[in-house]
1. Under a GNM of the chain (C-alpha, springs under 10 Å), which listed residue has the highest mean-square fluctuation: G70, G113, G47?
2. Assign one of three labels to region 2-78, namely rounded, prolate or oblate, based on the Cα gyration tensor with a ≥ b ≥ c the square roots of its eigenvalues; rounded applies when a/c is under 1.5, prolate when it is not and a/b is larger than b/c, and oblate otherwise.
3. Considering the options L34, S6, A16, tell which one lies farthest towards the positive end of the dipole of region 1-76, charges being +1 on Lys and Arg and -1 on Asp and Glu at the Cβ, about the Cα centre.
4. For a quick size check, give me the Cα extents of region 101-156 along its three principal axes, largest first, whole Å.
5. Treating only the Cβ atoms of Lys and Arg (+1) and Asp and Glu (-1) as charged, compute the dipole magnitude of region 17-156 about its Cα centre; round to the nearest 20 debye.
6. Build a GNM of the chain with springs between Cα atoms under 10 Å: which of C105, C139, C49 gets the top mean-square fluctuation?
7. Could you grab the relative contact order for region 2-78? Cα pairs under 8 Å, six or more apart, rounded to a whole percent.
8. Enter the Cα centre distance for the pair region 90-156 and region 1-77, rounded to the nearest angstrom.
Amino acid sequence: PSGRVSLTVNGERHAAVIDNRTSLLDLLREQFGLTGTKKGCDAGACGACTVLVDGRRVNACLTLAVRLEGAEVTTIEGLAPDEDDDLHPLQQAFIDQDAFQCGYCTPGQIMSGIGCIREGHAGSPEEIREWMSGNICRCGCYVKIVNAVEQAAGAK
Ligand code: FES
Ligand code: FES
């Protein structure tokens, strides 16, 4: 069974005909060519696929694309879309704090961190750890990731 969905991604309208079972993650990566959003587990356990839907962070691998009619999606590519744009404060904080090694988890960490800060859950390192716990980093950069979220939360 297939369906049609039209949604906004990083400010641009997109329409697609998709199998009803297509995840937002596969729609972004395979049909829209937005490969910044990563597939780690494809099962809701790692957070690598985190994007914002209508301002709220979600695991794109668990989100059915057909249900997003009219939604506004923001991916890592939407944060500083043009070469001469300033980086988003949390992107800059990840660089300043050296908060990544391989970088595979990083787009998800950044999108989740933006959600965490917006939700008001970045008041202390403990709180950040708790509310970022859905984002796994196999390189073990957790201390620096928390520092980066703290930095960006302070810069709001
Ligand atoms: Fe979505 Fe792991 S790929 S949570
Ligand atoms: Fe390698 Fe997080 S930087 S998984």
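Each value in this text was obtained by applying a stated rule to the coordinates, not by laboratory testing. The model shown is predicted, which means the values in this text are computed figures rather than measured ones. Cβ: placed from backbone, ideal geometry, glycine included. Neighbour counts: every protein chain shown.
1. Among G70, G113, G47, the largest GNM mean-square fluctuation belongs to G70.
2. Because a/c hits 1.5 or more and a/b fails to exceed b/c, region 2-78 counts as oblate.
3. L34
4. Its Cα atoms span 27, 18, 18 Å along the three principal axes.
5. With Lys and Arg at +1 and Asp and Glu at -1, about 560 debye.
6. Most flexible of the set in this elastic network: C139.
7. This gives 40 percent for region 2-78.
8. Region 90-156 and region 1-77 have Cα centres spaced 22 Å from each other.
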